[in-house]
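Okay, so here's the structure we're looking at.
The values are calculated or read from the model by the stated rules, or taken from the named source; none is laboratory data. Just so you know, these numbers come straight off a predicted model, no measurement behind them. Note: ideal-geometry Cβ built from the backbone for every residue, glycine included; neighbour counts use all protein chains shown.
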Amino acid sequence: MDRAEATGVSVMLEPFAASKSRPEDWLAVLCRDPRRAVEEEQIVCLVCGARFRQLTNTHLRGHGVSAGEYKQRFGYNRGRPLMCHALSRLYAERAVQSGLASRIRSRPIVADPELRRRGGMRPVTLEELLTRRDARRAAGRGGP
Ligand SMILES: [Zn+2]
């Protein structure tokens, strides 16, 4: 509403709107909670701020990082698909249909040499911390 804008409240509630003049601030906001960079129809590249349906290896290579390095750098879970939610769902449905899902459900420690190397330890990602925190808060309110 107009009143909110006059008080400056809308700027705090809408970092996307505020970002247009200062993209680096807006990216910093997303970096604090990288889950927010993944939206229903688009995913924001946290390096350059460009928006895509899917963050391709080709694009990431332009920044000199692999998908794995990108996830590590910004605190995404290792299994996080670098694509918008709509596309992610589409691929998940296709995977189930083709029977791929059952193969993916193998034990990561067996399939992933990197995990074996670290003796089964895995770092807790920022994404995981934020998700756990949200879950605790939701539980504190008596659930959604
Ligand atoms: Zn980029």
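So the values come out like this:
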quantity: Qualifying residue in the range 71-82 (condition: touching a Leu at 6+ places or on another chain (Cβ under 6 Å), assigned to a helix (DSSP H, G or I) and at pLDDT 80 or above); calculated: yes
quantity: Residues that are touching a strand residue (DSSP E or B) at 6+ places or on another chain (Cβ under 8 Å) and free of Cβ contacts under 8 Å to residues at least 24 places away in the same chain, drawn from the range 53-80; calculated: His59
quantity: Enumeration of residues in the range 1-58 that are among the acidic types (Asp, Glu) and at pLDDT 95 or above; calculated: Asp33, Glu39, Glu40, Glu41
quantity: Residue in the range 20-59 that is nearest to Asn77 (Cα to Cα), counting only those that are β-branched (Val, Ile, Thr) and away from the ligand (no atom under 12 Å from the Cβ); calculated: Val38
